[in-house]
1. Could you give me the residue pairs with C-beta distances under 7 Å whose first residue belongs to the range 179-200 and is within 14 Å of residue 269 (Cβ to Cβ), whose second residue is open to solvent by 60 Å² or more (accessible area, probe 1.4 Å) and among the basic types (Lys, Arg) wherever it lies, and which are 6+ apart or on separate chains?
2. Applying the selection to the range 285-314, what residues are aliphatic (A, V, I, L, M) and within 21 Å of the chain's Cα centre (by Cα)?
3. Answer with yes or no whether residue 273 is touching a residue at least 12 places away in the same chain (Cβ under 8 Å) and either part of a loop (DSSP other than H, G, I, E, B) or open to solvent by 70 Å² or more (accessible area, probe 1.4 Å) (or both).
4. Among all residue pairs at least 6 apart or on different chains, which show Cβ distances below 7 Å where the first residue, located in the range 155-174, is over 9 Å from residue 212 (Cβ atoms) and the second is open to solvent by less than 80 Å² (accessible area, probe 1.4 Å) and charged (D, E, K, R)?
5. Would you call residue 314 touching a Gly at 6+ places or on another chain (Cβ under 9 Å), open to solvent by 10 Å² or more (accessible area, probe 1.4 Å), free of Cβ contacts under 8 Å to residues at least 24 places away in the same chain and of a type outside the set (Phe, Trp, Tyr)?
6. Could you tell me whether the range 333-349 includes any residue that is of a type outside the set (A, V, I, L, M) and farther than 30 Å from residue 53 by Cβ?
7. If you take the residues of the range 369-392 that are touching a residue at least 60 places away in the same chain (Cβ under 8 Å), in contact with a helix residue (DSSP H, G or I) (Cβ under 7 Å, 6 or more places away or on another chain) and of a type outside the set (Val, Ile, Thr), which of them is surrounded by the fewest Cβ atoms within 10 Å (Cβ to Cβ)?
8. I want to confirm something. Restricting to the range 160-194 and keeping residues that are on the phi < 0 side of the Ramachandran plot and not in a helix (DSSP H, G or I), which single residue is nearest to the chain's Cα centre (by Cα)?
Amino acid sequence: MDTKSKSTPQFTFGKSVLLPQEEMLETGKKQKKLIIGVPKEISPEENRIPLAPHAVERLVNNGHTVLIEKKAGEGAHFDDLSYSEVGGIIVNNHNEIFESDIIIKIAPLQQNEIELLKANQTIISSLHIAAQTKEYIQNLLSKKTTALAFEYLKDKRNNIYPIIRSMSEIAGSTSILIAAEYLSNINNGKGEMLGGISAISPSEVVIIGAGTAGEFAARTALGLGALVKVFDSSIRKLSQLQNNIGTRIFTSMLQPRVLQKALKSADVVIGALHLGDPSQRFIVSEDIVKIMKPDSVIVDISIDHGGCFETSKLTSHSNPVYKKHNVIHYCVPNIPSRVARTASYALSNIFGQIILNIGEAGGTKQLLKNNLGVRNGVYIYNGILTNEYIGEKFGLSYRDINLLMAAF
């Protein structure tokens with residue numbers, strides 16, 4: 001057989017021999033340059049900002065444009081210069097921010113902000129669904145945008161909600177520092193140092209809830225030298241907290257008599273347990289609060305979910321405490337905003353990466369097709385409600401986001 005007839009065709013160019021090559025098809029992702037808008041928070045209780053200067057610098061270095069409304073970072077002590085120096089563009093006009101591809105903020109959108117939205121935008125913010133109305137959701141739907149609630153964002157690898165966990169860590173640690181302030185004379189407390197020193201009995205801290213907030217409250221209280229007791233309805237959470245802390249502390253199931261005895265001698269009580277049963281309004285009754293030590297301190301981290309104490313009622317950063325039965329109550333729902341700079345750094349580490357991922361994927365739709373964790377945060381997709389709970393709560397029709405992704 002003549003093998004030459006089967007050989008690869010050759011072409012000559014001068015003295016060089018050229019061989020035909022296989023055509024290489026472009027299979028890489030097409031990166032999209034985004035315009036990201038960060039409006040100044042309207043709520044006076046919100047001091048955090050979703051993108052700190054270091055996150056803005058990273059986005060700008062990757063080719064994106066970041067618009068920061070003037071003085072948007074002042075609550076977290078980031079001035080306009082700190083943003084402009086890293087490539088952020090300071091914008092005076094609030095409305096101009098809402099022309100961006102992605103709008104990212106902390107507090108839920110106000111009605112006047114919803115009116116500024118346009119189709120095909122991506123909105124990232126909190127939702128606080130318990131405080132919203134059917135009309136609010138319908139107004140958002142009418143704008144044909146894609147909206148993500150950051151409290152629903154999930155890290156599928158670790159099966160956690162990264163924003164919730166991060167803010168819970170801050171709330172737990174800060175709750176003990178707040179309690180220490182209100183035990184001191186400076187805030188008309190009983191003049192006691194939280195913790196203790198040599199030859200003086202340590203303060204007693206009772207923590208109701210062994211989740212992330214409870215764990216970090218326990219870590220901080222132990223670090224200050226307090227005697228810590230943790231209660232929860234889950235043996236698994238109590239065991240996990242014990243292992244995570246790495247030292248033996250008092251833990252107990254929520255046995256009424258045991259809890260009552262602990263509360264009677266407690267100097268500080270932290271409420272860090274969300275009630276799963278809607279019919280249960282509180283864990284600690286008013287009668288038990290009455291027998292607590294005079295000028296002891298309650299910090300109810302769970303107040304935004306109804307609270308752990310029958311005597312709890314919402315307070316604000318400007319007027320954070322009240323006394324009930326001679327017990328100091330601190331019931332501010334947004335504790336991380338009290339340490340806004342730290343909280344903003346923590347949020348930026350998560351939001352900055354998500355926006356980078358959107359750009360690298362070629363847009364929000366492309367990222368949602370492949371990233372289940374971010375997809376979990378979507379409650380409106382192109383004007384279609386995709387959250388079952390919201391649909392059932394307000395009697396609105398909804399679609400499964402996974403089916404929508406399969407259709408595109």
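1. Matching pairs, first to second residue: 183/190.
2. Of all residues in the range 285-314, those aliphatic (A, V, I, L, M) come to 288-289, 291-292, 297-299, 301, 303, 314.
Within the range 285-314, 299, 301, 303, 314 qualify.
3. Taking the combined requirement at face value, the residue satisfies it.
4. Note: pairs meeting the criteria are 161/151; 161/154; 162/155; 163/151.
5. yes
6. Going residue by residue through the range 333-349, those that are of a type outside the set (A, V, I, L, M) are 333-334, 336-338, 341-342, 344-345, 348-349.
Right, trim to farther than 30 Å from residue 53 by Cβ and you get none.
Among the residues of the range 333-349, not one is of a type outside the set (A, V, I, L, M) and farther than 30 Å from residue 53 by Cβ, which makes the answer no.
7. Ranking the qualifying residues of the range 369-392, first place goes to 383.
8. This residue is 161.
The values are calculated or read from the model by the stated rules, or taken from the named source; none is laboratory data. All figures in this text were calculated on a predicted structure; none of them were measured in a lab. Quick reminder, even Gly has a Cβ in these numbers, built from the backbone with ideal geometry, and neighbours come from all protein chains shown. Heads up: the accessible areas ignore ligands, DNA and RNA and are worked out on the full protein's heavy atoms, side chains in. Shrake-Rupley method; radii C 1.70, N 1.55, O 1.52, S 1.80 Å.
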